[in-house]
Amino acid sequence: MDTALIPEGVKRDPLWKFVLKLGPVVAVLIWGVVAMLLCWIKGLNQTNMNDYYGFALWIWADLAVIALGGGAFFTGLLKYIIGKEELKNIINFAVLVGFICYSSALLILAIDIGQPLRGWFIFWHANVHSMLTEVAFCLSCYFGVLTIEYLPLILENRQLDRVPFIHNLSHNMHEIMAVFAATGAFLSFFHQGSLGGVAGVLFGRPFAFREGLFIWPWTFFLFTWSAAACGPCFTIMLLKITEKITGKKLVKDDVVRLLAKIAGWMLFTYIIAKIIDTWYWAAVTAPSKGFGLMEFYSNNGFYGIWILILEVVVGGVIPALILITAKGRSNPKTLTLAVVLAVIGVSVNRWAMVLQVMAVPVMSFDQWALYYPSWQEVATTLLPVAYGIILIALSHRYLPVWPQERELNPVEATAGPVSAEAAPGAESEEETSAEPEPAPAQA
Amino acid sequence: MFPFNFEWIWDMSHVVFMGGLWFALTILGLGMTYCVIKAVIDTAKGKGAHHEEH
């Protein structure tokens, strides 16, 4: 039915099967939309946020997806600026993942601000002394960059590409993509950093407060560093999941191993810096504010020292050691384990820097303030996950995301596009178009 | 946002913050304008027309 839209030379499920598989995901999406509408219509009383938790589950989700979406800017930097040409075979997917992450972050912020109709105030009435203003500027602009990077992929859809103007437009955008990628790397450096800076400048919250360089606390640099290290790990993790679901190899091992090696060394150097930062904070910074290390990890029902071990050792040291060794990243199982652990590690880091910061008592009469999200918060946090799955599925089906797919999964040549409906038999389970595909203007 | 807004002050913070924003937006805007204009010219010259024949 939709064979004409499917990239040439690849196999896809019949449309009915594709729609059926997405059914449960669409149900989650609808659940999230209902919760979102409740938050917009009835207000933020639908959440469990309170005077302790002005930042809650949504801001953790925001920081986590922004860190995990860092694979787009870092892979773009490696490909377009540093010249790692091999990464052209995974850059499309990295951009897609980044686009999903950043559009999700903006969606969550649109719910979190309570009155999205006033969202433009942050631009028009900007508080130029706030790191969050810088985050809002860079986030919005970088989403523009990701849209520009994703757009040529849409324009290269088999049918759209036949229109000469659209073909020329996508070709021209590829030609100057390095300019957009450089702008994206610049914007990412600052907004990833400023998100860390927001926590680091909280001098009234010794759990988060850090010293630093000029106006930037060390968390500024650690956040950017961790995003550059763990973003590519998230891209590899989603690639592995996509390959598992589709039952196909989509990117060659040498490309994945190269990205994993670079991410591994970034993670290794990051985790050394993180350990030094944690030691200095525990030994010097926090005591100077009147706190001992274990006061941040005791006398409560949730935040034990395990969270620090999970973040630094399990989610940092172990994946870094796996990824920097050729043997570790060559084994598919240990590679997958490492990227999953790295994703958990950076997510736990963001959780600690957003939610544990709020939970730790700072006054002598204070107690630990634990927080449980409402179902509306959970549903709206799962909403971007469902949206992301749908967008990846649609892009995989209709767009030339994978430059190496035809080579890795050759399809028997036929006279023309053959759909399951038109020619049941050998291709009965999948829609196929075996016409040779014209080479993209630039991968 | 703009120097003609009532809350605008000519200080370093405004110049750095808003200058950075407009700098980034200008690069993106000029880049896309270049792509669109070049695509119009290329199309007028008949480039990419062979793709209709697939």
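The values are calculated or read from the model by the stated rules, or taken from the named source; none is laboratory data. All figures in this text were calculated on a predicted structure; none of them were measured in a lab. Neighbour counts run over all protein chains shown; Cβ positions are idealised from the backbone, glycine included.
Within the range A:127-212, considering only helices (runs of 4 or more DSSP H) that don't extend past its boundaries, which have at least 2 residues that are aliphatic (A, V, I, L, M) and more than 9 Å from chain B (Cβ to nearest Cβ)?
A:131-155, A:177-200
Please work out which residue is surrounded by the fewest Cβ atoms within 10 Å (Cβ to Cβ), limiting yourself to the range B:17-27 and to residues that are at the interface with chain A (Cβ under 8 Å from one of its Cβ atoms) and closer than 23 Å to residue A:125 by Cβ.
It comes out as B:25.
Looking at the range A:204-251 only, could you name the residues that are without any contact (Cβ under 8 Å) to a residue 40 or more places away in the chain and farther than 19 Å from residue A:62 by Cβ?
Result: A:212, A:213, A:214, A:215, A:216, A:217, A:241, A:243, A:244, A:245, A:247.
What are the residues in the range A:262-292 that are part of a helix (DSSP H, G or I) and more than 31 Å from the chain's Cα centre (by Cα), if any? Step through it out loud before you land on a result.
From the range A:262-292, those part of a helix (DSSP H, G or I) are A:262-288; that's our starting set.
Once the filter is applied, which keeps residues that are part of a helix (DSSP H, G or I) and more than 31 Å from the chain's Cα centre (by Cα), the range A:262-292 yields A:283, A:284, A:285, A:286, A:287, A:288.
Inspect all residues belonging to the range A:78-86 and state whether any of them is of a type in the set (Phe, Trp, Tyr), surrounded by fewer than 24 Cβ atoms within 10 Å (Cβ to Cβ) and at pLDDT below 95. Don't jump to the end; show me each part of the working.
We begin by selecting, within the range A:78-86, every residue of a type in the set (Phe, Trp, Tyr); these are A:80.
Subsequent filtering for residues that are surrounded by fewer than 24 Cβ atoms within 10 Å (Cβ to Cβ) retains A:80.
From what's left, at pLDDT below 95: A:80.
Yes.
The conditions are (1) within 29 Å of residue A:49 (Cα to Cα); (2) at pLDDT 95 or above, and residue A:301 fails exactly one of them. Which is it?
So residue A:301 meets the others, but not (2).
Looking at residue A:26, is it modelled with pLDDT of 95 or more, more than 30 Å from residue A:353 (Cα to Cα) and out of contact with any Cys (no Cβ under 7 Å at 6 or more places or on another chain)?
The answer is yes for residue A:26.
Residue check: is residue A:100 over 21 Å from residue A:173 (Cα atoms), at pLDDT 90 or above, surrounded by 24 or more Cβ atoms within 10 Å (Cβ to Cβ) and under 14 Å from the mean Cα position of the chain (by Cα)?
Numbers: over 21 Å from residue A:173 (Cα atoms): no; at pLDDT 90 or above: yes; surrounded by 24 or more Cβ atoms within 10 Å (Cβ to Cβ): yes; under 14 Å from the mean Cα position of the chain (by Cα): yes.
No: the conditions fail for residue A:100.
Given (1) in contact with a helix residue (DSSP H, G or I) (Cβ under 6 Å, 6 or more places away or on another chain); (2) within 28 Å of residue A:315 (Cβ to Cβ); (3) away from every other protein chain (no Cβ under 14 Å), identify the lone condition not met by residue A:73.
For residue A:73, the exception is condition (3).
Among the residues of the range A:385-402, which ones are in a loop (DSSP other than H, G, I, E, B) and either under 16 Å from the mean Cα position of the chain (by Cα) or among the aliphatic types (A, V, I, L, M) (or both)?
Passing the criteria: A:399, A:401.
Identify, from the list A:84, A:79, the residue that is under 23 Å from residue A:157 (Cβ atoms), in contact (Cβ under 8 Å) with a residue 60 or more places away in the chain and over 12 Å from the mean Cα position of the chain (by Cα).
Of A:84, A:79, the one residue that is under 23 Å from residue A:157 (Cβ atoms), in contact (Cβ under 8 Å) with a residue 60 or more places away in the chain and over 12 Å from the mean Cα position of the chain (by Cα) is A:79.
To keep it simple, each residue is scored yes or no on (1) of a type in the set (A, V, I, L, M); (2) in contact with a strand residue (DSSP E or B) (Cβ under 7 Å, 6 or more places away or on another chain).
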| position | (1), (2) |
| --- | --- |
| A:14 | no, yes |
| A:27 | yes, no |
| A:45 | no, no |
| A:51 | no, no |
| A:62 | no, no |
| A:95 | yes, no |
| A:99 | no, no |
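Any idea which of B:1, B:32 is at the interface with chain A (Cβ under 9 Å from one of its Cβ atoms), assigned to a helix (DSSP H, G or I), within 30 Å of residue A:131 (Cβ to Cβ) and without any contact (Cβ under 8 Å) to a residue 60 or more places away in the chain?
Criteria check complete, one pass: B:32.
Which members of the range A:213-224 meet the condition of being more than 13 Å from residue A:69 (Cα to Cα) and part of a helix (DSSP H, G or I)? Spell out the reasoning first.
Residues of the range A:213-224 that are more than 13 Å from residue A:69 (Cα to Cα), as a first pass: A:213-222.
Answer for the range A:213-224, where residues must be more than 13 Å from residue A:69 (Cα to Cα) and part of a helix (DSSP H, G or I): A:218, A:219, A:220, A:221, A:222.
Could you grab me the full set of residues in the range A:241-260 that are β-branched (Val, Ile, Thr) and assigned to a helix (DSSP H, G or I)?
A:241, A:242, A:245, A:246, A:255, A:256
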